[in-house]
Amino acid sequence: MLGQLTQDGYQLTADADGADIVVINTCGFIESARQESLGVIREMLALKEQGRVGAVVVAGCLAERKKEVLLHEVPGVDQIVGVFGREEIVHVLDRTLYQQRHQEQRSLFRPAPVRALEDTARLRITPRHYAYLKISEGCDRLCTFCAIPSMRGKHVTKPIEQVLHEARELAADGVRELIVVAQDTTYYGLDLYGKVRLAELLRKLNDVEGLEWIRVLYAYPIHFTEELIATLAQTPKIVPYLDLPLQHINDRLLKRMQRRVSRAETEELLSRLRRAIPNLALRTTFIVGFPGETETEFEELCDFVKEARFERVGVFPYSLEPGTPAARLPDHLPEEIKQQRRDRLMEIQQEIAFAWAREQVGKELEVIVDRPDPEVPGHVLARSYADAPDIDCMVRLKGKGLRAGDLVRARVTGADGYDLAGRALRVR
């Protein structure tokens, strides 16, 4: 959206105060995200009432899924644009300004005529050296707890040549780390080509000049062919890191969640990945407090985490999503129990993550520099192969003349909880 707007002459400002139009790109995935989005909308509407903002446009998932709620809870919004209406964003803003100037009646929700998959017009607000590249939109999995299919629809693969074109554009713009994302990356290609083609896509991305690291997120634990595992293991630019959301390990709950995978299949996949990819850093996420989860089933999950020893784990209390099959299940747990289980599992994982960090002391790692360390002069904050931006850990690195985007060979000199400290040896 930013790319389209800047191409059409709109100028991005650093502060909402005084803006002609504020566009709020919302998340509607879980309740906490919805409340955060509503809070920002109300804040912007307050500025509008004071005459400090011209108009407020709401876009994204919350706009797609809860447009009626928005009309009721945050009256005063000038336009609402769903997730597939981003190609219409320039027209929406032009129309909003016209309506303001001519005091016309607002026409709030604009349904998208087509699902937009084109992402070549970009104005990136992430640091220049890394970027997220979405390879598909939507999801066919229909997990009972998840509202994504109702917001983003069925899985639609972005053609390989289009993905490669976008990757080349990003590399030409200075991107060194490419983070491959989708609602379900391992499903890539099945709808468009009749077979999964993630492995082929990754090998072609490896050939894009300028890219140095390729990182894969949101890999569903199905469709892990031998070809895909070999590609992850043997392709030079793919870092040994994989985000593999599992959600649970108990077979009854996996079936209740409609995950279409069993504990035995999960353990077999983890074993295959560990054998094939030395030093693999596995990230996963779990949902605790799913409707009907017993204490015994939760303890099974705890024991599994102790055994599997994931390098990175996120744990989320189950969030009831209206309209999902899980919302209609009996035996919903109190929020207090869900939070207690979340805290307990995170304590278990914390010990594992701290131990992993201590094991790195004395080793040499390649890290990518993100920014100067605001707390320690002469240091920078970097990330190892085991750390995706924003969600994982940092390496506090000592070294002269290091800049964002530098790939640095470093010796790990210490561990501080989740994070590492190191000394720069040489820049690649």
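The values are calculated or read from the model by the stated rules, or taken from the named source; none is laboratory data. What you are looking at is a predicted structure, and each value in this text was computed from that prediction instead of being measured. As a convention, Cβ positions derive from the backbone with ideal geometry for all residues, glycine included, and neighbour counts pool all protein chains shown.
General remarks:
- Unique match (being part of a loop (DSSP other than H, G, I, E, B), among the aliphatic types (A, V, I, L, M) and under 25 Å from GLU88 (Cβ atoms)) among VAL53, VAL40, VAL57: VAL53
- Screening the candidates VAL156, VAL81 for the property of being β-branched (Val, Ile, Thr), modelled with pLDDT of 75 or more and in the same structural domain as VAL22 (by TED's automatic domain parsing) yields one hit, VAL81.
- Residues (out of contact with any Leu (no Cβ under 8 Å at 6 or more places or on another chain) and farther than 13 Å from GLY28 by Cα) located in region 56-73: GLU68, HIS72
- Where helices (runs of 4 or more DSSP H) fall entirely within region 196-308, those with at least 3 residues that are under 29 Å from VAL367 (Cα atoms) are at 198-206, 226-234, 263-276, 295-308.
- So ALA410, is it buried (at least 16 other Cβ atoms within 10 Å of the Cβ) and outside any loop (DSSP other than H, G, I, E, B): yes
- In region 145-157, the residues that are of a type in the set (D, E, K, R) reach residues that are part of a loop (DSSP other than H, G, I, E, B) and buried (at least 21 other Cβ atoms within 10 Å of the Cβ) with C-beta atoms within less than 6 angstrom, at least six apart or across chains, in these pairs: ARG152/VAL83; ARG152/GLY138; LYS154/GLY138.
- Residue satisfying condition, being within 24 Å of GLY138 (Cβ to Cβ) and either at pLDDT 75 or above or in a helix (DSSP H, G or I) (or both), within set ALA14, ALA33: ALA33
- Of all residues in region 126-158, those satisfying the criterion of being of a type outside the set (S, T, N, Q), part of a loop (DSSP other than H, G, I, E, B) and in contact with a helix residue (DSSP H, G or I) (Cβ under 7 Å, 6 or more places away or on another chain) are ILE135, GLY138, CYS139, ASP140, LEU142, PHE145, ALA147, HIS155.
- When GLY323, GLY362, GLY378 are checked against the criterion of being among the small types (Gly, Ala, Ser), without any contact (Cβ under 8 Å) to a residue 24 or more places away in the chain and exposed (fewer than 15 other Cβ atoms within 10 Å of the Cβ), a single residue qualifies: GLY378.
- Test: residue in region 193-212 that is more than 24 Å from LEU246 (Cβ to Cβ) and touching a residue at least 60 places away in the same chain (Cβ under 8 Å): yes
- Of the residues ILE229, ILE179, the single one that is touching a residue at least 60 places away in the same chain (Cβ under 8 Å) and within 24 Å of PRO278 (Cβ to Cβ) is ILE179.
- Extreme residue, surrounded by the most Cβ atoms within 10 Å (Cβ to Cβ), among residues of region 37-91 that are of a type in the set (Asp, Glu) and touching a residue at least 60 places away in the same chain (Cβ under 8 Å): GLU64
- Per the listing LEU62, LEU45, the residue uniquely closer than 16 Å to ILE21 by Cα and in contact with a Gly (Cβ under 6 Å, 6 or more places away or on another chain) is LEU45.
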